[in-house]
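J.: Attaching a single structure in structure tokens format; questions to follow.
The values are calculated or read from the model by the stated rules, or taken from the named source; none is laboratory data. Just so it is clear, the structure is predicted and the values come from calculations on it, not from any experiment. Counting neighbours? That spans all protein chains shown, and the Cβs are built from the backbone with ideal geometry, glycine included. Calculation scope for accessible area: heavy atoms of the full protein, side chains included, ligands and nucleic acids excluded. Shrake-Rupley method; radii C 1.70, N 1.55, O 1.52, S 1.80 Å.
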Amino acid sequence: MIVALGGTSYAAVVLPANSVGSRQIKKNGVATSDIRSSAVTSSKVKNGALLAKDFKAGQLPAGPQGAPGAPGAIAASAAFQVQRNAVSPPTLTAGTTTTLVNLPLVAGKYVLIAKLDLSATVAPVTVTCRLQAGASSDKVSTTIAAAGASSCNMQTVAEFAAAGPATLTIETPGGSSVNGGDAKLTAIRVGSLQSSEVTP
């Protein structure tokens, strides 16, 4: 077919139906504007080809919640405390060492403070309280007066190379009748420790 327009002749080519294929399309020749709205459907998209970044925010449903992660690192400064409130102070077994509170600690450097209240129904009696933290310890021997109450106050510094407990114990003599009252153990984690001994 020959079409003449204004003295210039053009050859009008009529393409047969279904004759344009991939080979006839110039590379990168199809623009977004050339694609009809809603023309690309699920069947035209290769499975697994789309990425999360291909979707608008909020379009992808959230997956199931994952397992909890490992605990994060504890800050250089942190405080831990365990206490035992004795509403009815129990009678401690005579002639034994009893652990009243136990505080698990992770590796680190600590300043430890402990306090224990106690009384005796048969007095006077002398008991020994001990704060133990790894290789470090502090102990106090106190005498409970007749029908009276007393307390032990202890402190020490300790460094744990691995996780371990700090404990507060009391040693009672045979034949005694000592009641263990409130007990409190506090551990303060610090970034560094400097401990020295003063000699007279």
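J.: Which residue pairs have Cβ atoms closer than 9 Å, lie 6 or more positions apart in sequence or on different chains, and pair a first residue in the range 46-57 that is modelled with pLDDT under 80 with a second residue that is open to solvent by 100 Å² or more (accessible area, probe 1.4 Å)?
T.: Nothing qualifies.
J.: While we're on this one: Go through the range 136-154 and report how many residues are in contact with an Asp or Glu (Cβ under 6 Å, 6 or more places away or on another chain) and farther than 26 Å from Ala123 by Cβ.
T.: 0
J.: Additional query: Taking into account only those residues within the range 83-113 that are assigned to a strand (DSSP E or B) and in contact with a Pro (Cβ under 9 Å, 6 or more places away or on another chain), which is most open to solvent (accessible area, probe 1.4 Å)?
T.: Step by step, filter the range 83-113, then rank; the result is Pro104.
J.: Let me ask you something else. Identify all residues within the range 4-29 that are at pLDDT below 75, open to solvent by 90 Å² or more (accessible area, probe 1.4 Å) and within 59 Å of the chain's Cα centre (by Cα); write none if there are none.
T.: Answer for the range 4-29, where residues must be at pLDDT below 75, open to solvent by 90 Å² or more (accessible area, probe 1.4 Å) and within 59 Å of the chain's Cα centre (by Cα): Ser22, Asn28.
J.: Quick one: how many residues across the range 91-135 are free of Cβ contacts under 8 Å to residues at least 24 places away in the same chain and closer than 28 Å to Ser77 by Cα?
T.: Within the range 91-135, residues that are free of Cβ contacts under 8 Å to residues at least 24 places away in the same chain and closer than 28 Å to Ser77 by Cα number 1.
J.: Suppose the filter is in a loop (DSSP other than H, G, I, E, B), open to solvent by 100 Å² or more (accessible area, probe 1.4 Å) and not hydroxyl-bearing (Ser, Thr, Tyr); does Pro61 pass it?
T.: It is true that Pro61 is in a loop (DSSP other than H, G, I, E, B), open to solvent by 100 Å² or more (accessible area, probe 1.4 Å) and not hydroxyl-bearing (Ser, Thr, Tyr).
So that you can scan it fast, the table gives a plain yes or no per residue for (1) among the hydroxyl-bearing types (Ser, Thr, Tyr); (2) closer than 26 Å to Pro71 by Cα; (3) free of Cβ contacts under 8 Å to residues at least 60 places away in the same chain; (4) open to solvent by less than 30 Å² (accessible area, probe 1.4 Å):
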site	(1), (2), (3), (4)
Ala149	no, no, yes, no
Ala161	no, yes, yes, no
Thr172	yes, no, no, yes
Leu185	no, yes, no, yes
Ser192	yes, yes, no, no
Val198	no, no, yes, no
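J.: Right, Phe55: more than 30 Å from Ala158 (Cα to Cα), of a type in the set (Phe, Trp, Tyr) and open to solvent by less than 100 Å² (accessible area, probe 1.4 Å) or not?
T.: yes
J.: Keeping to the range 174-200, report how many residues are in a loop (DSSP other than H, G, I, E, B), within 20 Å of Gly108 (Cβ to Cβ) and aliphatic (A, V, I, L, M).
T.: Within the range 174-200, residues that are in a loop (DSSP other than H, G, I, E, B), within 20 Å of Gly108 (Cβ to Cβ) and aliphatic (A, V, I, L, M) number 1.
J.: Next up: Return only the number of the condition from (1) in contact with a Pro (Cβ under 7 Å, 6 or more places away or on another chain); (2) open to solvent by 50 Å² or more (accessible area, probe 1.4 Å); (3) of a type in the set (S, T, N, Q) that Asn179 does not satisfy.
T.: If we test Asn179 against (1) in contact with a Pro (Cβ under 7 Å, 6 or more places away or on another chain); (2) open to solvent by 50 Å² or more (accessible area, probe 1.4 Å); (3) of a type in the set (S, T, N, Q), just (2) comes out false.
J.: Ok, one more. Condition first: modelled with pLDDT of 90 or more, closer than 17 Å to Leu116 by Cβ and out of contact with any Lys or Arg (no Cβ under 9 Å at 6 or more places or on another chain). Now tell me which residues in the range 151-177 satisfy that.
T.: Those that are modelled with pLDDT of 90 or more, closer than 17 Å to Leu116 by Cβ and out of contact with any Lys or Arg (no Cβ under 9 Å at 6 or more places or on another chain): Gln155, Thr156, Pro165, Ala166, Thr172, Pro173.
J.: So, in the range 58-85, how many residues would count as being modelled with pLDDT of 80 or more and of a type in the set (A, V, I, L, M, F, W, C)?
T.: Final tally of qualifying residues: 7.
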